[in-house]
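First the structure, in the form of structure tokens, and then the observations on it.
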Amino acid sequence: DLVPVIFIGVIDFEIFKSPGYIHQHLILNKKTYEHTFRHIEFHFLQLPTFDKSLDDLNALIDKWVYMLKYADTM
């Protein structure tokens, strides 16, 4: 029995063109699209597309990403 494995990648470049700064991915079988590895998830925080100001931070995740993006100037 495997426990959930969640990868969180904080990236300082734009790799995903879809909107937003949080991108969640999972593993599918290329041929059948079967989702066998349900316990493995990949989450990417794409810092360049995070555009919230300090006044717009409502969710806890927004506050963490703001701190990660602007840590060098805080």
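The values are calculated or read from the model by the stated rules, or taken from the named source; none is laboratory data. All values reported here derive from a predicted model rather than from experimental measurement. Glycine also receives a Cβ, built like all others from the backbone with ideal geometry; neighbour counts cover every protein chain displayed. Surface accessibility is based on the protein's heavy atoms, side chains included, excluding ligands, DNA and RNA. Shrake-Rupley method; radii C 1.70, N 1.55, O 1.52, S 1.80 Å.
Values computed for the structure shown
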quantity	calculated
Selection from segment 5-48 of residues that are closer than 27 Å to residue 69 by Cα and either hydroxyl-bearing (Ser, Thr, Tyr) or assigned to a loop (DSSP other than H, G, I, E, B) (or both)	12, 13, 14, 15, 16, 17, 18, 19, 20, 21
Check on residue 6, in contact with a His (Cβ under 9 Å, 6 or more places away or on another chain) and open to solvent by 90 Å² or more (accessible area, probe 1.4 Å)	yes
Scan of segment 28-51 for residues that are open to solvent by 60 Å² or more (accessible area, probe 1.4 Å), at pLDDT 95 or above and closer than 17 Å to residue 5 by Cα, ordered by number	28, 41, 42
Failed condition for residue 65, given (1) part of a loop (DSSP other than H, G, I, E, B); (2) open to solvent by less than 70 Å² (accessible area, probe 1.4 Å); (3) β-branched (Val, Ile, Thr)	(1)
Some residue of segment 52-61 being without any contact (Cβ under 8 Å) to a residue 40 or more places away in the chain, open to solvent by 60 Å² or more (accessible area, probe 1.4 Å) and under 13 Å from the mean Cα position of the chain (by Cα)	yes
Residue within segment 34-56 that is at positive phi and not hydroxyl-bearing (Ser, Thr, Tyr) present	no
